[in-house]
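For reference, the structure is listed below as C-alpha cells.
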Amino acid sequence: MLKESIFKEKIDKARKLLKNCSICPRNCGVNRLKGETGFCGIGNKAVVSSFGPHFGEEPPLVGLRGSGTIFMAGCNLKCVFCQNHDISHVTENDRLNTIEPVDLAGIMVQIQNKGCHNINFVTPTHVSPQIIESIYLARKMGLDIPIIYNCGGYESLETLKLLEGFVDIYMPDVKYSGKYWPKKLSFAEDYYDIMKIAVKEMHRQTGDLQIINCLATHGLLARHLVMPENVCGSKEIIDFLANDISQDTYVNVMEQYRPVFNASQFKEISRRITSDEFYDVYNYAREKGLRLAE
C-alpha cells in the first residue's frame, strides 16, 4: 500500500493533466478544469451513465454476486461499431449529469454494500483523474474490494503510472493491429503502437491475473473482439499477448460482434462474424498457450 502522501501527490498530478489535457494519447490540449471539452466530450467532472451489479462479465469477475459496474459517459475512441454508443458518444445534455468525486466514492461503497465482488469502471480512460480521487475517498470510507479498469487500450503511459496503486485489475480491449482499420473505425491510426506500450505497463504493475476461490484479485485480463474479414488483425494481437506479455495472459476471445451504430457504412464489418472466423482466432490463442476465458 502506498503512503497517503504519495496518493495525494498522484491525485494532484492527475488533476493538473486536465488543464492542458493530456490524459490520453489524443492530447487534445483543452482546459478541462474550466469545463472545456475535447474528443471525449467530458469536461472537469465525470459523468456516470449507470451503475450496479452486472453478470455478463468473465466468470472470475462475476462470482455469485456480480461485478459492480460503473458506466462512465464519453470515450476517447468512439468506435463506429460501439455497442454502447448511446453512452460513449456524449451529447450536450449528457454533460449535465455530472458527479463529484465524493459522490462517486459513495456509489462505490454502495456497490460494495450490495455484495458485489469488485468495482468495475467501464470506459474510464478520459476521467482517470476524477476516478483516482474517488477511489482514494472510497478507501477512506471502507472500500476494500478490487478496482477494475475496463478500458479500450488506448492509454497514456503517464496516466497509467499515476493509476498504479489505485487499480487492482486491468481489463483492456486489445482491439487492433496495423494502422488502416484503427484509423477508419476508431480514429486512432497509432492505436496498435500505443496499446502495446500500455498493456506492457498494465502487466508490469499487476502481473498475470490471479484468481483465488474462483474470483479475480489482481492482474491483467485482456479482451479481444473478433471482427469480420479479420479487420482487427487478430493473430498479430494474440502473438503480442503470448510473446511480449506472458503465455499466462488470461484472455477472453469474444464472438459477440454485431454491426451496430455506424458499422453499416463499412461493408467489411456490416455483418456478424462466422463460426469459422471465431474459431480460427480462438484455436490459435489456445495453440499459443494463453489462458482462455470459458
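The values are calculated or read from the model by the stated rules, or taken from the named source; none is laboratory data. Please read all numbers here as calculations on a predicted model, not as lab measurements. Here the Cβ positions follow ideal geometry from the backbone for every residue, glycine too, while neighbour counts run over all protein chains shown.
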In the stretch 28-63, what count of residues is obtained for those that are surrounded by fewer than 21 Cβ atoms within 10 Å (Cβ to Cβ), touching a residue at least 24 places away in the same chain (Cβ under 8 Å) and part of a loop (DSSP other than H, G, I, E, B)? 7
Quick test for you: out of 277, 201, 229, 268, pick the one residue that is touching a Lys or Arg at 6+ places or on another chain (Cβ under 8 Å), of a type in the set (D, E, K, R) and not in a loop (DSSP other than H, G, I, E, B). 201
Is there any pair linking a residue in the stretch 207-234 that is free of Cβ contacts under 8 Å to residues at least 24 places away in the same chain to one that is surrounded by fewer than 23 Cβ atoms within 10 Å (Cβ to Cβ), with Cβ under 6 Å and at least six apart or on different chains, and which? 210/217; 210/218
Considering only residues that are part of a loop (DSSP other than H, G, I, E, B), under 19 Å from the mean Cα position of the chain (by Cα) and either buried (at least 19 other Cβ atoms within 10 Å of the Cβ) or of a type in the set (A, V, I, L, M) (or both), which ones fall in the stretch 232-265? 232, 249, 257
Could you check the stretch 115-134 and list, in sequence order, the residues that are out of contact with any helix residue (DSSP H, G or I) (no Cβ under 8 Å at 6 or more places or on another chain) and part of a loop (DSSP other than H, G, I, E, B)? 115, 116
Please tell me if residue 212 is at pLDDT 95 or above, of a type in the set (A, V, I, L, M, F, W, C) and under 29 Å from residue 87 (Cα atoms). no
Residue 137, sole failed condition from (1) in contact with a strand residue (DSSP E or B) (Cβ under 7 Å, 6 or more places away or on another chain); (2) part of a helix (DSSP H, G or I); (3) under 29 Å from residue 6 (Cα atoms): (1)
